[in-house]
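Visitor: Next up is a structure, given as structure tokens.
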Protein chains: 2
Amino acid sequence: MRKERLYAPGPVELPPAVLEALARPVLHHRTALYAEVQDRVAARLRDVFLTGSEEVITISGSGSAGLEAAFLAAVPAGAKVLVINAGKFGERWLEIARTYRHETVELAFEWGRAADPAELEAALARHPDVKAVLATHSETSTGVLHDVEELARVTRERAPEALFIVDAVTSLGSAELRPLDWGLDAVVAGSQKGLLAPPGLAFIWLSERARQVPEEQLHPHYYLNLRSRAGGRQPTTPAVNLVVALDVALGLILDEGLENVWRRRARLTADLISSLEPLGFTVFAERVTPAVAALRVPPGVDGTELVAGLRERGLTVAGGQDRLAGKIVRPSLLGWADEFDVAVLAAAFRSVLAEFS
Amino acid sequence: MRKERLYAPGPVELPPAVLEALARPVLHHRTALYAEVQDRVAARLRDVFLTGSEEVITISGSGSAGLEAAFLAAVPAGAKVLVINAGKFGERWLEIARTYRHETVELAFEWGRAADPAELEAALARHPDVKAVLATHSETSTGVLHDVEELARVTRERAPEALFIVDAVTSLGSAELRPLDWGLDAVVAGSQKGLLAPPGLAFIWLSERARQVPEEQLHPHYYLNLRSRAGGRQPTTPAVNLVVALDVALGLILDEGLENVWRRRARLTADLISSLEPLGFTVFAERVTPAVAALRVPPGVDGTELVAGLRERGLTVAGGQDRLAGKIVRPSLLGWADEFDVAVLAAAFRSVLAEFS
């Protein structure tokens with residue numbers, strides 16, 4: 001029997017109060033009891049998304065369901081789209097756009113690099129007719145926090161007609177993100193990351209102009225249709241236990257204060273990196289996200305074996321994906337974590353490395 | 001403070017062991033710990049779906065997400081489809097088919113009537129070119145259990161090329177359903193009904209010929225793509241807490257024995273009807289589903305007020321929907337319920353009626 005510790009960039013360890021809320025008796029979704037929860041969650045989501053009075057829509061599904069829902073809500077069929085691709089979740093945007101047979105302009109960056117606004121500017125100059133730019137805020141596969149504020153600014157300047165759509169699945173609640181101030185058009189988040197809730201819910205905010213794309217221009221879609229869910233409508237049964245747990249999680253975040261949470265996450269990740277660098281790990285990401293510490297493993301160490309060694313010690317830590325398999329490790333303090341989890345991770349990494357040498 | 005009792009046809013009251021499982025620490029979906037749960041759930045789903053060695057695919061989403069996923073997996077774009085429409089969930093099939101701009105043959109039955117296989121036979125004789133028949137097993141809006149065995153038999157005989165696709169969202173786990181023996185092509189279920197789990201998961205089984213519709217003939221779709229999920233693959237983060245709870249719920253059903261559960265549900269619903277008939281309620285459904293007792297309210301009683309009166313007493317019971325609003329009530333013992341819940345419902349109905357007279 002081993003004590004289990006979850007240090008992956010989602011799903012994350014949850015606060016006990018959130019777990020407790022999950023286990024409450026099921027509420028029927030068409031009762032006043034549930035309406036009260038739903039209204040409070042709606043208000044809290046607006047506060048965490050910083051969308052003022054504008055609605056954030058919840059769907060039952062993974063973060064990818066949210067990405068597809070935003071795409072289907074805002075991108076006209078046949079439109080040319082530009083995808084900023086600097087990792088696995090950039091590739092996901094590309095897959096979605098290609099699934100729907102869109103002409104895609106791929107602006108690719110080496111994994112680990114931050115998307116360069118100057119290169120986006122040049123690409124938009126070559127393709128001023130793109131109708132949407134699909135971006136990733138925190139790219140979990142590489143540990144990079146892309147500068148969506150600047151990327152959105154460039155887009156508004158060079159292709160003012162293009163909608164700027166952001167995958168914020170891992171960043172929302174963990175990194176500064178200001179949809180209204182930054183002129184974004186769609187923001188997608190997931191429950192199981194910085195929002196401290198269980199997996200199974202996705203959240204989508206759309207700007208006014210994104211909501212106004214004429215329906216007849218959109219691809220046909222039913223379950224993921226955000227318009228049918230606008231105004232708090234529930235055309236299908238929501239995952240009520242997850243929503244009740246989310247309510248508690250959002251309350252914890254807002255009690256601490258959103259900006260305090262951003263600062264705390266950034267500090268924890270910086271501390272984690274500082275504590276692992278003396279062991280020979282080096283920062284992989286050009287611009288570090290507070291959601292995960294992507295670290296090159298020390299010379300001679302196999303990242304996959306390192307992750308397995310941590311697993312034997314009860315720690316779940318993500319390794320590198322695809323081309324980065326074995327080359328990086330990705331411990332994360334995105335969940336219910338504090339400074340003492342930094343100590344746990346440092347001790348566990350040391351313990352595994354000692355076995356290797 | 002009132003004791004709350006949930007007697008709606010989904011989401012339902014859950015067994016304490018299922019609630020407890022929801023609150024366990026989050027498992028990461030790419031670990032051996034979770035793979036063990038997933039494999040056991042996969043085996044239990046096959047046993048509850050009676051699909052032998054054939055896989056049942058789980059997606060995070062509502063029952064309607066499951067219906068759309070089955071449709072997108074098996075119905076070629078542009079194909080002519082026949083929809084058996086005898087209630088709100090028949091209408092949902094129609095909405096999905098129309099969303100994707102299919103030519104639809106609507107075989108409509110009055111709400112409360114059971115779909116007549118002879119009429120289906122006649123419709124198929126007029127439209128032998130339909131590529132799919134979309135049916136509802138337990139129509140929750142009317143309380144009718146449609147005879148999908150016979151409807152499927154007629155379809156195989158008259159339109160052997162047509163796939164027979166069944167909405168079993170409310171029936172699976174509560175009424176006899178034998179996908180292989182009955183020659184069905186797709187069966188969709190939801191977690192929050194007869195399967196005694198929280199809402200947020202949908203399950204889809206596809207017959208071999210449904211799985212073999214060439215991919216290039218299908219509508220583009222991403223999140224709801226069942227092929228990307230075949231063989232237990234998890235392309236996106238599953239709702240792990242819901243799956244862990246489902247595991248426990250399926251274990252309870254299989255421990256009791258699936259056929260025993262079917263019998264118990266039918267007996268409970270019959271007993272509930274017998275106990276409410278003396279109060280002036282009459283059976284609305286031509287062929288009663290074990291999932292819900294749809295009852296015409298006594299003359300002079302307003303069904304909406306009755307439901308509100310039950311609510312004041314802490315009971316959540318469904319009323320009539322759309323054209324049946326105020327005319328029927330729909331108490332259900334689909335959840336964690338036994339014979340003493342029949343006594344609770346009868347006493348509560350008597351209490352409300354006494355107030356009216």
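Visitor: Which members of the stretch B:321-334 meet the condition of being in contact (Cβ under 8 Å) with a residue 60 or more places away in the chain and either open to solvent by 10 Å² or more (accessible area, probe 1.4 Å) or of a type in the set (S, T, N, Q) (or both)?
Guide: B:Gln321, B:Asp322, B:Arg323, B:Leu324, B:Arg330, B:Ser332
Visitor: Can you name every residue in the stretch B:166-193 that is open to solvent by less than 10 Å² (accessible area, probe 1.4 Å) and of a type in the set (A, V, I, L, M)?
Guide: Narrowing the stretch B:166-193 to residues open to solvent by less than 10 Å² (accessible area, probe 1.4 Å): B:166-168, B:170-175, B:177, B:179, B:184-192.
Once the filter is applied, which keeps residues that are open to solvent by less than 10 Å² (accessible area, probe 1.4 Å) and of a type in the set (A, V, I, L, M), the stretch B:166-193 yields B:Val166, B:Ala168, B:Leu172, B:Ala175, B:Leu177, B:Leu184, B:Ala186, B:Val187, B:Val188, B:Ala189.
Visitor: Restricting the first residue to the stretch B:302-317 and requiring it to be free of Cβ contacts under 8 Å to residues at least 40 places away in the same chain, which pairs with a second residue that is among the aromatic types (Phe, Trp, Tyr) meet a Cβ separation below 7 Å and a spacing of at least six or different chains?
Guide: Within 7 Å, no pair qualifies.
Visitor: Which residue, of A:Arg40, A:Arg2, A:Arg30, A:Arg24, is out of contact with any strand residue (DSSP E or B) (no Cβ under 6 Å at 6 or more places or on another chain) and more than 30 Å from B:Arg330 (Cβ to Cβ)?
Guide: Going through A:Arg40, A:Arg2, A:Arg30, A:Arg24 in turn, the sole match is A:Arg2.
Visitor: May I ask you to list pairs of residues, at least six apart or on different chains, whose Cβ atoms are under 7 Å apart, with the first in the stretch B:278-294 being open to solvent by 60 Å² or more (accessible area, probe 1.4 Å) and the second being of a type in the set (S, T, N, Q) and assigned to a loop (DSSP other than H, G, I, E, B)?
Guide: If the second residue must be of a type in the set (S, T, N, Q) and assigned to a loop (DSSP other than H, G, I, E, B), no pairs are left.
Visitor: Right, here's the next one. Check A:Val41, A:Val83, A:Val56 and return the single one that is of a type in the set (A, V, I, L, M) and under 30 Å from A:Pro128 (Cβ atoms).
Guide: Checking each option against the conditions leaves just A:Val83.
Visitor: Given the structure, is B:Arg233 closer than 30 Å to A:Leu72 by Cα and either free of Cβ contacts under 8 Å to residues at least 60 places away in the same chain or open to solvent by 10 Å² or more (accessible area, probe 1.4 Å) (or both)?
Guide: It is true that B:Arg233 is closer than 30 Å to A:Leu72 by Cα and either free of Cβ contacts under 8 Å to residues at least 60 places away in the same chain or open to solvent by 10 Å² or more (accessible area, probe 1.4 Å) (or both).
A quick yes/no check of all residues on (1) closer than 30 Å to B:Ala8 by Cβ; (2) of a type in the set (Phe, Trp, Tyr):
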{"position": "A:Thr31", "(1), (2)": "yes, no"}
{"position": "A:Phe71", "(1), (2)": "no, yes"}
{"position": "A:Val75", "(1), (2)": "no, no"}
{"position": "A:Thr140", "(1), (2)": "no, no"}
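Visitor: Within the stretch B:197-226, count every residue that is open to solvent by 10 Å² or more (accessible area, probe 1.4 Å) and within 12 Å of the chain's Cα centre (by Cα).
Guide: Residues flagged as open to solvent by 10 Å² or more (accessible area, probe 1.4 Å) and within 12 Å of the chain's Cα centre (by Cα) within the stretch B:197-226 amount to 0.
Visitor: Considering only residues that are open to solvent by 30 Å² or more (accessible area, probe 1.4 Å) and within 13 Å of chain A (Cβ to nearest Cβ), look in the stretch B:34-92 and name the one that is farthest from B:Gln321 (Cα to Cα).
Guide: B:Ala35
Visitor: Among the residues of the stretch A:141-157, count how many are open to solvent by 10 Å² or more (accessible area, probe 1.4 Å) and either outside any loop (DSSP other than H, G, I, E, B) or not assigned by TED's automatic domain parsing to the domain that holds A:Ala125 (or both).
Guide: Of the residues in that region, 6 qualify.
Visitor: Which of the residues that make up the stretch A:13-33 are β-branched (Val, Ile, Thr) and at the interface with chain B (Cβ under 7 Å from one of its Cβ atoms)?
Guide: Within the stretch A:13-33, A:Val26, A:Thr31 meet the criteria.
Visitor: Restricting attention to the stretch B:101-110, does a residue exist that is within 14 Å of chain A (Cβ to nearest Cβ) and either crowded, with 23+ Cβ neighbours inside 10 Å or over 22 Å from B:Val154 (Cα atoms) (or both)?
Guide: So far as the stretch B:101-110 goes, yes, one or more of its residues are within 14 Å of chain A (Cβ to nearest Cβ) and either crowded, with 23+ Cβ neighbours inside 10 Å or over 22 Å from B:Val154 (Cα atoms) (or both).
Visitor: Can you tell me how many residues in the stretch B:242-277 are free of Cβ contacts under 8 Å to residues at least 24 places away in the same chain and either open to solvent by less than 10 Å² (accessible area, probe 1.4 Å) or under 30 Å from A:Pro199 (Cβ atoms) (or both)?
Guide: 2
Visitor: Report those helices (runs of 4 or more DSSP H) wholly inside the stretch B:244-357 carrying at least 3 residues which are closer than 19 Å to B:His146 by Cα.
Guide: Of the helices (runs of 4 or more DSSP H) lying wholly inside the stretch B:244-357, those with at least 3 residues that are closer than 19 Å to B:His146 by Cα span B:258-276.
The values are calculated or read from the model by the stated rules, or taken from the named source; none is laboratory data. In this text the structure is predicted, and so the values were computed from the model without any measurement. For neighbour counting, all protein chains shown are included, and Cβ atoms are generated from backbone atoms with ideal geometry for every residue, glycine included. Heads up: the accessible areas ignore ligands, DNA and RNA and are worked out on the full protein's heavy atoms, side chains in. Shrake-Rupley method; radii C 1.70, N 1.55, O 1.52, S 1.80 Å.
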